[in-house]
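Student: Questions regarding the structure given below will be posed in turn.
The values are calculated or read from the model by the stated rules, or taken from the named source; none is laboratory data. These numbers come from a predicted model, not from an experiment. Cβ atoms come from the backbone with ideal geometry, glycine included; neighbour counts cover every protein chain shown. All accessible areas refer to the heavy atoms of the entire protein, side chains included, with ligands and DNA or RNA removed. Shrake-Rupley method; radii C 1.70, N 1.55, O 1.52, S 1.80 Å.
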Amino acid sequence: MTNVKKKGSIGFRGILLILITVALLVFFQLLFCTPFNIHSGGFVLELTIFLLSVFLCTVGNKKIFTGKMTLTKQLIFPAVVLVLFLALTLLGSPYTGGLGNYKNQSKITEIDFATVPEFDKTQVQLVDKDTAAQLGDRVFGTLGSDEVSQYEMGSDWTQISVDGDLSRVTPIDFGSLFKYFVTKTTPGYVLVDCNSGEAKLVRSEGMKYMKSAYFFHDLDRHLFFHDPFAMIGSAKFELDDEGKPYWIAPVYKVTWVDKTRDVKGIYIVDPVDGACTYYDKESAPEWVDNIYPVYVIYDQFAQSKRYENGLFNFSKKGIVEFTDDYAYVQFNDHVHIYTGVTSVGKDESNVGFAYVDLRDGSIDYVRRAGAEEYSARSSAEGAVQQYHYTAIFPSMVNVKGIPTYFMGLVDGANLIKSYAFVSYENYQNVATGTSVEEAYRNYLKLYNEDGSISGKDQAEKSFVVAEVRSIVQNGNTIILLLSEDNTIYWYDMSDGDLTASFIAQGDTVKVMADEDGRIASFIR
């Protein structure tokens, strides 16, 4: 008897192709954990691929290659799917009715710089991420030889506030898949005080729900199975008031498909037992420092300012953006980032700067022109160039009402050896010291009580040294340099630059000095 295939049957090959498609989608779903959310571009793409695959495995399986496909019938379904895909990905953009969403994303408040708290070294980062990792490496070895070989120090280094002081913390991670099977949990975390530079390894109850874990202990996969419909961002490692570690994962509210996004809440995940607790952002526990990811803040600010003066602003009039990097500061026990604000032309100056509260995403914007951060770093490095130190990204601080860059200077091993204060409005005004206190005192010497520059205007001077002498005044050594034209220049060694100690008769030197001969810095 001849087997007759019923009309409309897709056959064994069609069923097999559908099953293979479903299996592949499940595999990629488990691998990438794309949320089942129409606002997710990944999910919309997966859905489109699935619908087109089903079509190809059924109608297309029989008719595409036989030439029996008709434009008016069988191609209607894939055409509708593709049109819907394009519509979903395009709708909600600034050009398709979503301009208001883009313009009003950021919570920006213009403030007067006088409202910024006075400089307090406990409220700024003296240790950046690279230096924290270097300090952490030293205490990681105290795990013991057996444990050190099984684990790795994490690379998170989340900035948090611990007892009112800025600190960085990172978990101890699994070393590899094989070591994950052997150890099953990680033993704790490394904490670095960003003020004192003290690093310590803290043991905690064994943690198994980690970014470095595998299979269903992988943190992202664990969150996906807990709430497969939520759009969840990358989690941060933080500590509560008792020092117990948790993961803090932002949950996003997104317009249309991957258009504007804002944080609506967080999941707090216990890395020990995997317990997940959701909080609206307004009701998050006080110890949580990082609710808004920095990249979300950057995107919101850039999009808000890009369309501030309308959709078709081809001249880019008034468009500004954050500078490329940022530093951490702390106000009112909340961790903030400092970053400069510059025009989109990327010129050599800033039009202002901003402080961003990472708990609520609010931006305090100071509209004030001055030097951009990399010019300030170069100025600080030039003041101690004989040591070949590198300046870390600076914070903006308030020194007696004067906007001032503050930064650490590190050696080749990423360890801080000196500190610098550089004027935001005149980056040639720079003071350094081997301690924060010394650098601060030296900086204040550059200014009068009213914030005006102390002494005469500075200018670059070049001369041949005819004679070198030194005197002591009020306990400070003063180096006197007599030029060949009988002009006396002098340098106070308490300003921290040892260059003056090596100057000899007959040397040609370049300096920044005022009309009274006071040397502010040496130029090489």
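Student: First measure r as the distance between the Cβ atoms of E460 and E152, then evaluate 1/(1 + (r/R0)^6) with R0 = 51 Å and state the FRET efficiency to the nearest 0.05. Intermediate values should be presented prior to the final figure.
Tutor: On the way: r = 50 Å, r/R0 = 0.98.
Working from the Cβ atoms, E equals 0.55.
Student: Additional query: Rounded to two decimals, what is the ratio between the C-alpha radius of gyration of region 105-152 and 2.2 N^0.38 Å? Could the numbers behind the result be given before it?
Tutor: Values: Rg = 19.7 Å, N = 48, 2.2 N^0.38 = 9.6 Å.
The value comes to 2.05.
Student: Sticking with this one: Please tell me which of these pairs span more than 24 angstrom C-alpha to C-alpha: K200/K264; K253/K305; K179/K211? Working shown, then result.
Tutor: Details: K200/K264 34 Å; K253/K305 20 Å; K179/K211 15 Å.
Pairs exceeding the cut-off: K200/K264.
Student: Could you state the number of Å between the C-alpha centres of region 112-178 and region 35-51?
Tutor: The two parts, judged by their Cα centres, are 38 Å apart.
Student: Next up: How far apart, in nm, are two points set 7 Å out from the Cα along the Cα-to-Cβ line at R368 and at A79?
Tutor: Placing both labels 7 Å along Cα→Cβ, they lie 6.3 nm apart.
Student: Then there's this: Leaving out ligands and nucleic acids, note down the accessible area per residue over region 360-433 with a 1.4 angstrom probe, in whole Å². Intermediate results must be reported in sequence, preceding the final value.
Tutor: Values: 2380 Å² over 74 residues.
Each residue of region 360-433 exposes 32 Å² on average to a 1.4 Å probe.
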